[in-house]
Amino acid sequence: MLKSFLIASGTAVTVFCAFTSAATVSAPSAAPLRPLSERDQRAAHGSGCQLSFDNGRSTLVYVLEHEYMIRTGAGRTVCRINDAQFSRLSEGGSMSCGGYRITIRQTGRTVTHEASDSASTPATLTVSGRGRPWTVRGHWGSAC
């Protein structure tokens, strides 16, 4: 009897863990930000220094001069920023754009690439403002 109970309990735990893992895997489809395409990034006006938050091969935030760009389910959104905001964002920080509050927090050591005048830092990106906050790990980078 006890053995049957333990087997049933173990099976229930296994099913619960499998369901929980499947729910976690499906969570990215609920992500408020979508990757920006190369075309999106080329549409930015200006030249000079740029900032980006990359998750793997996907760019989720792109900043060029006075344009802060994200893509949501509704499409590409560009928010204007000034020079002071750009400077503050170079080390992370928060910005509201497209109805979302986007916070980038550096989590590691910055690696500088002198030859390309660029730098990259491990970071987290948290998006809040519509539903539960969403956080993803990646790299916050700059290039001039």
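Values quoted throughout were computed directly from the atomic coordinates according to the rules given, and no laboratory measurement underlies them. All of these numbers come straight from a predicted model, not from anything done at the bench. Positions of Cβ are backbone-derived with ideal geometry, glycine not excepted, and every protein chain shown enters the neighbour counts.
Distance between the 7 Å Cα→Cβ label points at THR135 and THR77: 2.1 nm.
Each Lys or Arg adds one and each Asp or Glu subtracts one; over the other residues with Cβ under 14 Å from the Cβ of ARG71, this totals 0. When peptides 30-36, 42-48 are ranked by their average number of other Cβ atoms within 10 Å per residue, the highest-first order is 30-36, 42-48. Going from the fewest other Cβ atoms within 10 Å to the most, the residues MET69, MET95 appear in the order MET95, MET69.
Compared with the direct C-alpha span, the chain from SER128 to SER96 gains 10.6 nm at full extension, assuming 0.36 nm per residue.
Taking the convex hull of the alpha carbon atoms in segment 31-143, what volume per residue do you get, in Å³? Spell out each step's value before the answer.
Values: hull volume 11.1 nm³, N = 113.
So the per-residue hull volume is 98 Å³.
Remark: the ARG42-HIS113 segment gains 23.3 nm on full extension, using 0.36 nm per residue and subtracting the alpha carbon distance.
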